[in-house]
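Here the structure is laid out as C-alpha cells; the discussion comes afterwards.
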Amino acid sequence: MTEENTAPLKIVVLVKHVPDVQFDRHIDSGSLRLDRSESVLSELDEYAVEAAVALVESQGGFAAGHEVIAASMGGKSASNSIKKALQMGASSGVHLNDEALIGSDTVVTSKALAALVEHVGNVDLVVTGMSSTDAETSVVPAQLAERLNFAQLTHALSVDFDGASRELSIRRDHAESTLTLAAALPAVLSVTDQANDPRYPNFKAIMAAKKKSITELSVADLGLAAEAVGAAGSRVAVLSAEARPAREAGTVINDSGQAGIALVDFLAEQKLI
Amino acid sequence: MPSALVFFTELADAPSKAQRELLTLAASIGEPTVAVASEVSQATAEQLASYGVAKLLVAPANHASFLEHSLSVLEAAVKQSTADVVLVANDNFNREVAARIAVRVEGSIITDAINVSADLVVTKDELAGSYSAQAQATGGVLFVTLKPNSIEDAPQSAAAEVSINELATETSAAEKVRIVGTEEKVVSDRPKLTEARVVVAGGRGVNGDFGAVEQLADALGGAVGASRAATDAGWISHDAQIGQTGVTVSPQVFISAGISGAIQQKAGMQTSKCIIAINKDVDAPVFEIADFGIVGDLAKVLPQAAEEIRRRQA
Ligand SMILES: Cc1cc2nc3c(=O)[nH]c(=O)nc-3n(C[C@H](O)[C@H](O)[C@H](O)COP(=O)(O)OP(=O)(O)OC[C@H]3O[C@@H](n4cnc5c(N)ncnc54)[C@H](O)[C@@H]3O)c2cc1C
Ligand SMILES: Nc1ncnc2c1ncn2[C@@H]1O[C@H](COP(=O)(O)O)[C@@H](O)[C@H]1O
C-alpha cells in the first residue's frame, strides 16, 4: 500500500508574450524577426492560467500550500504577461530573459523551458496553452513531456483532477473519436479554448498581484551554454519571409431576390463548377 | 540526392487525399520510404508503388497505446531509413509524434509546410497564412508537417516493386497515459473538411439550423464548416470549427454564411483560393476579404443557389 500523497501541488504555467492578434502583425524582411512591439499575453495561454488556478482552487486553494508559478521565456516586456498571469491568480513568476535565446526554434525553446522547469524543481504539473498565437506550432508541450519524461496530456477539451489518486484526466479529439485519457502526475497538460472561461482579474486581484515576486533567470542560471540555445543552437534557419498580398474585397451585391443565382453564375464564371 | 521518409499512423485501403499528397511530395524529393504504425494490406502496398515507394516499413498496430507505439515506430523508422527529411500530416497528433522524435534524434521540425523543394527548402505559412516563409535545416533530420490541399496528387506511371519489411521497434517506453474512454464520432459521407475542394461554413447567422448550409455543401460536393459561435451553441459538432482554435482549411472555394469574419475565424480560412460571403450586414468584416459578397439573408440565398446548381446539373 502506498500512502496517499497529500503534498501540496507545484504547478508551472507557461505563458508566452506575443504580438496582439487584433493588430496587423509584421515580420521584418531583413532580420526575418517578428515585430514584437505590441505584445500581450497570448490569448490561448489565458486558458492555461485559468486551468492551473482552477485546479488549485478545487484542491483546497492556495491556503493549502499549492503553488502556481507563471513562467515565460521572452524579452524584457514579457514580464507584462507574467504580471497578467499573477493578476489571474498565479502565485509567483519566473522570467527567462536572455539575448542568447533570440532565434530559438521549438527544439531549443523546449530545451530551455524544460531546464527552467527543472530549475524550479519538484514540479508536479506543467500547464500550457494549445498553441502560441505567433509561432502556431503546437509542439512545445509535447516536446516538454519528452524532455521531462512527464506524461503528455495535450489538447484538452476538458480537465479533471482526482485529488485522492493524484490522477489527471482529459478529453481530447483524436481521429474519428473523442478520447478520455488519464495519467498520474507528473504531467504536461495543454488546454484548448474549450476547457474553461478565463477569468478577468478584479481590482483586488490586481492589487494582490503587485505583492507577488517575479524571479529573473538567465541561460547560465539554467546551466545551459549560450551556443546551445537561440539561433546558434537551433537547427532551423529561416531564409525569407514575405507578406502575402492582402486579400482585396471583390464585388458585393445586394440580394434583390436573385442573389443565389448570381452566386452560381460567379462560380461558373470562375470555372469553379 | 536526399531521401524522404513518410510516416502514417494508419494507412487504409484507399489512402486519403492528404496521404496521397504526402506521397507525391516524397516522390519529388527522392526514393521515398513509408513507415506505418499498423498493418498494411497487400493491395495498399501496391498502390504505394505508383508513387515510387520502394520500401515499406510496418509494425503491427497497438490499439491500447495512445502515444508510445507511434513514437517508437517513428523513432525506429527514422533510425533505419537514414532519411534526411520525414514528412507527416499536419494534424495535432502527428505533429506531436514528429516533434518528440525530433527532440530524440536531435533534429528539427517545421510545421504548416505547403511545399518542400528537392534541395529541402521548406515553404510554410506564418501568422495564420498572412506570410509565406522559407526555411531549411542546418543539420540533423528535418521533420516537416504538410498542410492538406498543398500539393497536386500525382501518382507516377511506372509502378515498381515495394519491399515490405517488418519494423523491429525497441520495446516502447512504459505507457504513461491510459485510454480510459472512447466516444466514436458520427462519420459523415461528405469530404473531410481539411481536404475538401469546397467548404460551406455557417455561423451564428444560421440561427440553429444548418440545413441550408448542408444542402448547398451537398449540391457542390463540399464539406460543412462552422464558426466557433455556431459550435459553441451546440448547433454542430466542434470538429466543424474553422479558425485559430479549430481546423485550418484552404479549399478552392470557401462559402461563408452568417459569419461576421472575426480575426480568429479568418485565421482558419483566409488562404482559401476563392471566398464567397453571404451576410445580412453590409459592414461585416468578412466582406473585406471576399472575392464575391452578397448582402442578404442566407436562408433565402443558400437554398436558391443549391436549387440552381441542381437545375444546371440536371
Ligand atoms: C481565444 C479565441 C479563439 C477563437 N477561435 C475561434 C475559431 O477558431 N473560430 C471561430 O470561428 N471563432 C473563434 N473565436 C471567436 C471569434 O472571435 C468570434 O466570436 C466568432 O468567430 C463569431 O462567430 P460568428 O461570426 O458566427 O458570429 P457573429 O460574430 O455573431 O456573427 C454573426 C453574423 O451573422 C450575420 N447574420 C445574422 N443573421 C443572418 C442571416 N439570416 N443571413 C445572413 N447573415 C446573417 C450577422 O450580420 C453577423 O455578421 C475565438 C475567440 C477567442 C477569444
Ligand atoms: N517562449 C515561451 N514562453 C513561455 N511559454 C511558451 C513559450 N513558447 C511556447 N510556450 C508554451 O507552449 C505552448 C505552445 O506553444 P507552441 O508550441 O509554440 O505553439 C504555448 O501556449 C505556451 O504555453
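In region A:182-202, is there at least one residue being facing chain B (nearest Cβ under 7 Å) and farther than 30 Å from B:Glu288 by Cα?
Scanning region A:182-202 turns up at least one residue that is facing chain B (nearest Cβ under 7 Å) and farther than 30 Å from B:Glu288 by Cα.
Okay, residues lined up against (1) surrounded by fewer than 23 Cβ atoms within 10 Å (Cβ to Cβ); (2) within 16 Å of ligand 1 (Cβ to nearest atom); (3) part of a loop (DSSP other than H, G, I, E, B):
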site: A:Thr133; (1), (2), (3): no, yes, yes
site: A:Thr137; (1), (2), (3): yes, no, yes
site: A:Pro141; (1), (2), (3): no, no, no
site: A:Gln152; (1), (2), (3): no, no, no
site: A:His155; (1), (2), (3): no, yes, no
site: A:Leu168; (1), (2), (3): no, no, no
site: A:Lys204; (1), (2), (3): yes, no, no
site: A:Thr215; (1), (2), (3): yes, no, no
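What pairs come out if I take residues in region B:38-60 that are of a type in the set (Ser, Thr, Tyr) and pair them with residues that are crowded, with 18+ Cβ neighbours inside 10 Å and not in a loop (DSSP other than H, G, I, E, B) whose C-beta lies under 8 Å away, six or more apart or interchain?
Within 8 Å, the pairs are B:Ser38/B:Val58; B:Tyr51/B:Arg20; B:Tyr51/B:Leu23; B:Tyr51/B:Thr24; B:Tyr51/B:Ala26; B:Tyr51/B:Ala27.
Taking region A:235-273, which residues are among the β-branched types (Val, Ile, Thr) and surrounded by fewer than 14 Cβ atoms within 10 Å (Cβ to Cβ)?
Selection gives A:Thr251 alone.
Give me the residue from region A:108-131 that is under 17 Å from the mean Cα position of the chain (by Cα) and polar (S, T, N, Q) and, out of that set, nearest to ligand 1 (Cβ to nearest atom).
That would be A:Ser131.
Against the definition (away from ligand 2 (no atom under 13 Å from the Cβ) and within 13 Å of chain B (Cβ to nearest Cβ)), how does A:Leu44 come out, yes or no?
On the way: away from ligand 2 (no atom under 13 Å from the Cβ): no; within 13 Å of chain B (Cβ to nearest Cβ): yes.
It is false that A:Leu44 is away from ligand 2 (no atom under 13 Å from the Cβ) and within 13 Å of chain B (Cβ to nearest Cβ).
Can you find even one residue in region B:213-228 that is hydroxyl-bearing (Ser, Thr, Tyr), without any contact (Cβ under 8 Å) to a residue 60 or more places away in the chain and within 11 Å of chain A (Cβ to nearest Cβ)?
no
Could you list all residues from region B:99-126 that are outside any loop (DSSP other than H, G, I, E, B) and among the small types (Gly, Ala, Ser)?
Scanning region B:99-126 gives B:Ala99, B:Ala102, B:Ser108, B:Ala113.
Just checking, does region B:75-85 include any residue being touching a Lys or Arg at 6+ places or on another chain (Cβ under 8 Å) and farther than 21 Å from B:Ala168 by Cβ?
Initially, region B:75-85 is screened for residues touching a Lys or Arg at 6+ places or on another chain (Cβ under 8 Å), giving B:75, B:81.
Pick out the ones that are also farther than 21 Å from B:Ala168 by Cβ and you get none.
Scanning region B:75-85 turns up no residue that is touching a Lys or Arg at 6+ places or on another chain (Cβ under 8 Å) and farther than 21 Å from B:Ala168 by Cβ.
Let me confirm something: among A:Asp20, A:Asp28, which residue is in contact with a Ser or Thr (Cβ under 7 Å, 6 or more places away or on another chain) and among the charged types (D, E, K, R)?
Going through A:Asp20, A:Asp28 in turn, just one is in contact with a Ser or Thr (Cβ under 7 Å, 6 or more places away or on another chain) and among the charged types (D, E, K, R): A:Asp20.
When region B:237-246 is examined, which residues are found to be buried (at least 20 other Cβ atoms within 10 Å of the Cβ) and either more than 23 Å from A:Thr137 (Cα to Cα) or within 9 Å of ligand 1 (Cβ to nearest atom) (or both)? Outline the logic, then answer.
To start, the set of residues in region B:237-246 that are buried (at least 20 other Cβ atoms within 10 Å of the Cβ) comprises B:240-246.
Those that are buried (at least 20 other Cβ atoms within 10 Å of the Cβ) and either more than 23 Å from A:Thr137 (Cα to Cα) or within 9 Å of ligand 1 (Cβ to nearest atom) (or both): B:Gln241, B:Ile242, B:Gly243, B:Gln244, B:Thr245, B:Gly246.
Tell me which of these A:Leu125 doesn't satisfy, since it passes every other one: (1) within 14 Å of chain B (Cβ to nearest Cβ); (2) touching a helix residue (DSSP H, G or I) at 6+ places or on another chain (Cβ under 7 Å).
Here A:Leu125 clears every test but (2).
Can you find, within region B:256-314, the residue that is surrounded by the fewest Cβ atoms within 10 Å (Cβ to Cβ) among those that are near ligand 1 (Cβ under 7 Å from one of its atoms) and of a type in the set (D, E, K, R)?
Of everything passing the filter in region B:256-314, B:Asp281 is surrounded by the fewest Cβ atoms within 10 Å (Cβ to Cβ).
When you go through (1) within 26 Å of B:Ile101 (Cβ to Cβ); (2) part of a loop (DSSP other than H, G, I, E, B) one by one for B:Asn165, which number turns out not to apply?
Unmet condition: (2).
Taking into account only those residues within region B:284-314 that are touching a strand residue (DSSP E or B) at 6+ places or on another chain (Cβ under 9 Å) and of a type in the set (D, E, K, R), which is farthest from the other protein chains (Cβ to nearest Cβ)? If you could, list the steps in order and put the result at the bottom.
Taking region B:284-314 first, the residues touching a strand residue (DSSP E or B) at 6+ places or on another chain (Cβ under 9 Å) are B:284, B:286-287, B:289-298, B:301-302, B:305.
From what's left, of a type in the set (D, E, K, R): B:291, B:297.
Working: B:Asp291: 4, B:Asp297: 7 Å.
The selected residue is B:Asp297.
Suppose we filter B:Gly107, B:Gly139 for residues that are modelled with pLDDT under 95 and either within 18 Å of B:Thr82 (Cα to Cα) or more than 7 Å from chain A (Cβ to nearest Cβ) (or both); which single one remains?
So the residue among B:Gly107, B:Gly139 that is modelled with pLDDT under 95 and either within 18 Å of B:Thr82 (Cα to Cα) or more than 7 Å from chain A (Cβ to nearest Cβ) (or both) is B:Gly139.
Test of understanding: among A:Ser81, A:Ser91, which residue is in contact (Cβ under 8 Å) with a residue 60 or more places away in the chain, within 16 Å of ligand 1 (Cβ to nearest atom) and more than 14 Å from chain B (Cβ to nearest Cβ)?
Matching residue, one of A:Ser81, A:Ser91: A:Ser81.
So which strands (runs of 3 or more DSSP E) stay within region B:1-69 end to end and still have 2 or more residues that are more than 14 Å from B:Asn165 (Cα to Cα) and of a type outside the set (Ser, Thr, Tyr)?
B:4-8
Across region B:197-212, what is the number of residues that are of a type in the set (A, V, I, L, M, F, W, C) and within 13 Å of another protein chain (Cβ to nearest Cβ)?
The number of residues fulfilling the criteria is 4.
Determine whether region B:129-141 contains at least one residue that is surrounded by fewer than 17 Cβ atoms within 10 Å (Cβ to Cβ), in the same structural domain as B:Phe66 (by TED's automatic domain parsing) and of a type outside the set (Val, Ile, Thr).
As a first pass, look at region B:129-141 and keep what is surrounded by fewer than 17 Cβ atoms within 10 Å (Cβ to Cβ): B:138-140.
Still in the list and also in the same structural domain as B:Phe66 (by TED's automatic domain parsing): B:138-140.
If we keep only those that are of a type outside the set (Val, Ile, Thr) too, we end up with B:139-140.
Yes.
Looking at (1) in contact with an Asp or Glu (Cβ under 9 Å, 6 or more places away or on another chain); (2) of a type in the set (A, V, I, L, M, F, W, C); (3) more than 8 Å from every other protein chain (Cβ to nearest Cβ), which is the only condition B:Val85 fails?
B:Val85 satisfies every listed condition except (1).
Taking the condition within 13 Å of another protein chain (Cβ to nearest Cβ) and at pLDDT 95 or above, does A:Val219 pass?
Here the answer is no, as A:Val219 does not meet what is asked.
The values are calculated or read from the model by the stated rules, or taken from the named source; none is laboratory data. Being a predicted model, the structure only gives us computed values, none of them experimental. Cβ: placed from backbone, ideal geometry, glycine included. Neighbour counts: every protein chain shown.
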